[in-house]
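The values are calculated or read from the model by the stated rules, or taken from the named source; none is laboratory data. Everything numeric here is computed off the predicted structure, so don't read it as measured data. A quick note on method: Cβ atoms are made from the backbone with ideal geometry, for glycine too, and the neighbour counts reach across all protein chains shown.
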């Protein structure tokens, strides 16, 4: 199973780097591919996975599953045998969402490659959380077995917090979020 992150932001922001590092820890460097990365940023990501400046649609990838909250069918363990690559957009979603994952689907339609779309519920998740959930499902969990919360509140300092209005998987008793991201938010006070 290979996980592709098509970088869709204008820059490689600090928060992106934190999410991408977290994804590498979740799936392993050998299973992670970054695409559409500026040549000036390749060195920042090559310790976390394979990096390409080209878009995934310009590379020799086939049997791709695009994860999108708008897809009709849910991801299942059987999809691990149907697809070689699981594609996520490396974006911070807006609230409400702008549906930028559709850009990935449009590229696949034009490419003639074998692909499908699946969802991990109909709610928007941070990229690292979506990868975590997908990996759990592909390894045998059902989406319905996963526990979710639809926002996470991060304490910045006493009397001050920020709310992240996205869906998070709860693993044990804690939402799946990188500790580096929590520290980043405390220092930056938001994105």
Count of residues meeting criterion [in a strand (DSSP E or B) and closer than 19 Å to residue 16 by Cα] in the range 170-188: 1
Hits in the range 128-146 - residues which are within 13 Å of the chain's Cα centre (by Cα) and farther than 15 Å from residue 2 by Cα: 129
Residue match in the range 51-69 (condition: part of a loop (DSSP other than H, G, I, E, B), surrounded by 19 or more Cβ atoms within 10 Å (Cβ to Cβ) and touching a helix residue (DSSP H, G or I) at 6+ places or on another chain (Cβ under 6 Å)): yes
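Tell me the residue from 76, 24 that is at pLDDT 95 or above, part of a loop (DSSP other than H, G, I, E, B) and closer than 18 Å to residue 137 by Cα, please.
Numbers: 24 fails: part of a loop (DSSP other than H, G, I, E, B).
Unique residue meeting the criteria: 76.
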Search result, residues across the range 37-59 that are modelled with pLDDT under 95 and over 24 Å from residue 136 (Cβ atoms): 55, 57, 58, 59
Any chance residue 166 is assigned to a loop (DSSP other than H, G, I, E, B) and either at pLDDT 95 or above or surrounded by 13 or more Cβ atoms within 10 Å (Cβ to Cβ) (or both): yes
Of all residues in the range 147-163 being outside any strand (DSSP E or B) and free of Cβ contacts under 8 Å to residues at least 24 places away in the same chain, the one that is nearest to residue 19 (Cα to Cα): 151
Residues located in the range 79-101, provided they are modelled with pLDDT under 75 and within 18 Å of residue 61 (Cα to Cα): 90
Residue among 48, 85, 70 that alone is within 15 Å of the chain's Cα centre (by Cα) and closer than 25 Å to residue 188 by Cβ: 48
Filter result (surrounded by fewer than 19 Cβ atoms within 10 Å (Cβ to Cβ), farther than 15 Å from residue 127 by Cα and touching a strand residue (DSSP E or B) at 6+ places or on another chain (Cβ under 9 Å)) within the range 3-43: 29, 30, 31, 38, 41, 42, 43
Qualifying residue in the range 84-103 (condition: in contact with a helix residue (DSSP H, G or I) (Cβ under 6 Å, 6 or more places away or on another chain), farther than 25 Å from residue 175 by Cα and not in a loop (DSSP other than H, G, I, E, B)): no
Flag for residue 106 being surrounded by 16 or more Cβ atoms within 10 Å (Cβ to Cβ), modelled with pLDDT of 80 or more and part of a helix (DSSP H, G or I): no
